[in-house]
Structures are given as structure tokens and as C-alpha cells.
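The values are calculated or read from the model by the stated rules, or taken from the named source; none is laboratory data. None of these values were measured; they are calculated from a predicted model. No Cβ is skipped: glycine too gets one built from the backbone with ideal geometry, and neighbour counts run over all protein chains shown. For accessibility, only protein heavy atoms count, side chains too; no ligands or nucleic acids. Shrake-Rupley method; radii C 1.70, N 1.55, O 1.52, S 1.80 Å.
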Amino acid sequence: MSSDATGGPDSDTATRIKALESLLLEKGLIETSAIEELIDMFENRLGPWNGAKVVARAWTDPGFKEALLRDGTETIAEMGFEALQGEDMVVVENSAEVHNIVVCTLCSCYPWAVLGLPPVWYKSAPYRARAARDPRAVLREFGTEIGADTEVRVWDSNAELRYLVLPERPAGTEALDAAALAELVTRDSMIGVSLVAPP
Ligand code: FE
């Protein structure tokens with residue numbers, strides 16, 4: 001298990017996971033290969049690099065972007081990134097007029113297929129409470145200044161609905177192709193707590 005820069009490693013959680021794993025194996029409820037498969041999925045196949053590909057394609061392909069904003073679930077699935085729990089995906093676009101930020105005020109609902117596992121801060125009580133109540137203050141703590149003329153919209157995820165922010169394409173990237181653009185797109189920019197920085 002890796003640590004998170006904002007939360008630190010949780011050794012208690014790691015111990016509990018080990019205990020659960022041993023118990024499941026011992027009782028014959030799960031096989032080692034199934035555990036390896038799950039670990040591989042979360043470590044190697046699900047992660048923000050999937051979402052970054054979706055964003056970069058939307059920046060370079062207007063038809064794709066239109067489809068993505070109209071039907072996020074279907075359009076993302078067509079790229080091979082499918083929801084694990086049957087939830088719907090909604091993509092919200094940042095612009096000069098609107099900045100979007102995603103939270104799950106109840107728990108930690110998060111678009112696993114495109115972003116992987118949520119960061120520790122996303123699941124923390126302060127983020128969940130404050131992102132909804134005072135999103136601009138939270139954004140400032142992430143070093144993100146949103147102009148007073150730009151409306152900040154907060155999207156509250158739940159079990160049936162997950163959100164992905166389509167960040168603004170930074171200036172000076174006209175010559176970059178989708179693969180190069182995808183490398184600029186960060187996890188935080190797709191949660192909406194930061195902007196995509198120019199190269
Ligand atoms: Fe949740």
C-alpha cells in the first residue's frame with residue numbers, strides 16, 4: 001500500500017487488510033489469484049491515467065467531447081473504462097464562466113474506472129463538509145484561485161452517480177497531440193481542486 005502525501009500511510013488499515021486477507025484465504029472464501037487480480041486492477045489498470053486519456057481526447061476531438069458531455073457513461077465505456085459498480089458517469093466542463101469541483105458529502109463515492117482509488121483527503125470529513133459549504137476556501141488551500149466572475153459549482157457524488165471534471169485546456173498546448181496532452185492532466189484537476197498547468 002502506498003502512502004498519500006496529504007494523509008500519510010495508515011498502518012492500522014494495512015494491518016486490518018492483512019488480517020482480513022488471511023481470514024478470507026483460510027476460510028476458502030477467496031483464492032490468492034483473485035486477490036492478485038484485484039491488486040493488479042487497482043495498482044495498474046485503474047488510475048487517473050485513464051481519466052487523463054478521456055480529457056485529452058475531449059480536448060482534441062470535438063465530436064468525442066460533445067458525446068462525452070451528453071452521455072459520460074457510454075462514451076467513457078467505449079474507451080474501455082467501465083464502472084465497477086454500475087454507477088453512471090457525468091462529465092462537467094470547466095470554462096471561463098464555470099469551475100466545477102467534486103465531493104462526496106456522505107462518504108467517498110468516486111469514479112474508480114477513470115481515477116482509481118480516491119486520495120485520503122477526498123475521504124476526510126473536513127473536505128467533505130467544507131467543499132460543499134465553502135468551495136472557494138478549499139480551492140485556495142489547493143493553491144487554486146478562481147476569479148470572482150467565475151461561478152463555482154459543487155457536485156455531490158453518490159452511489160448511482162459519479163462526476164468527472166473536464167478541466168480547461170491550458171494555453172500554449174496547441175502543438176501537442178492527445179498523448180502529450182494526457183501527460184499534463186492531473187488527478188486533482190479531474191476532481192476540480194486544481195487547474196491543468198501549462199507545460
Ligand atoms: Fe460516497
The FRET efficiency for Thr150 and Arg70, from their Cβ-Cβ distance with R0 = 25 Å and rounded to 0.05, is 0.60
Number of Lys pairs in the chain closer than 30 Å at Cα, excluding neighbours under 8 places apart unless interchain, is 5
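To the nearest whole percent, what portion of all C-alpha pairs in the chain is separated by more than 20 angstrom?
On the way: 11667 of 19701 pairs.
Here the long-distance tail beyond 20 Å is 59 percent of all Cα pairs in the chain.
Given a cut-off of 21 Å, what percent of all Cα-Cα pairs of the range 102-169 lie beyond it?
Details: 515 of 2278 pairs.
So the pairs more than 21 Å apart make up 23 percent of the total in the range 102-169.
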By the rule of no other cysteine beta carbon under 4.7 Å, the lone cysteines of the chain are Cys107
The rounded separation in angstrom of the Cα centers of the range 92-133 and the range 23-67 is 18
Residue-ordered couplings for the range 135-151, obtained by feeding phi - 60° into the Karplus form 6.51 cos²θ - 1.76 cosθ + 1.60 and rounding to whole Hz (Gly and Pro as x), are x, 5, 5, 5, 4, 4, 5, 8, x, 10, 9, 10, x, 4, 7, 9, 6
Relative contact order of the range 27-132 (C-alpha contacts under 8 Å, at least 6 apart) in percent is 29
At R0 = 22 Å the Cβ-Cβ FRET efficiency linking Glu174 and Glu93, nearest 0.05, sits at 0.70
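Might you report the magnitude of the Cβ-based charge dipole of the chain about its Cα centre, with Lys and Arg at +1 and Asp and Glu at -1, to the nearest 20 debye?
Numbers: 18 positive and 32 negative charges, 109 e Å.
The calculation lands at about 520 debye.
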Mean accessible area per residue over the chain (1.4 angstrom probe, all protein chains present, square angstrom) is 56
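With only Lys, Arg, Asp and Glu charged, each at its Cβ (+1 for the first two, -1 for the last two), find how big the charge dipole of the range 87-157 is about the Cα centre; round to the nearest 20 debye.
Charge dipole, the range 87-157, about its Cα centre: 380 debye, nearest 20.
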HN-Hα couplings for the range 88-95 via Karplus (6.51, -1.76, 1.60; θ = phi - 60°), in whole Hz with x for Gly/Pro, come out as 8, 10, 10, 9, 10, 9, 7, 8
In terms of the charge dipole of the chain, which places +1 on Lys and Arg and -1 on Asp and Glu at the beta carbon, the residue among Ala56, Ala34, Ile191 farthest towards the positive end is Ile191
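Given a Förster distance of 25 angstrom, what is the FRET efficiency for Leu23 paired with Cys107, based on the Cβ-Cβ distance and rounded to 0.05? Please list the in-between numbers first.
Numbers: r = 24 Å, r/R0 = 0.97.
For R0 = 25 Å, the calculated efficiency reads 0.55.
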In the chain the accessible area split gives carbon plus sulfur, as whole percent at 1.4 Å, a share of 54
Per DSSP loop assignment and a cutoff of at most 11 other beta carbons within 10 Å, the chain keeps its longest run without exposed GluC sites (Glu not before Pro) at 32-96
Taking placed amide H atoms and a strict 5 Å upper bound, the residues 5 or more places from Glu93 or on another chain that come that close are Leu166
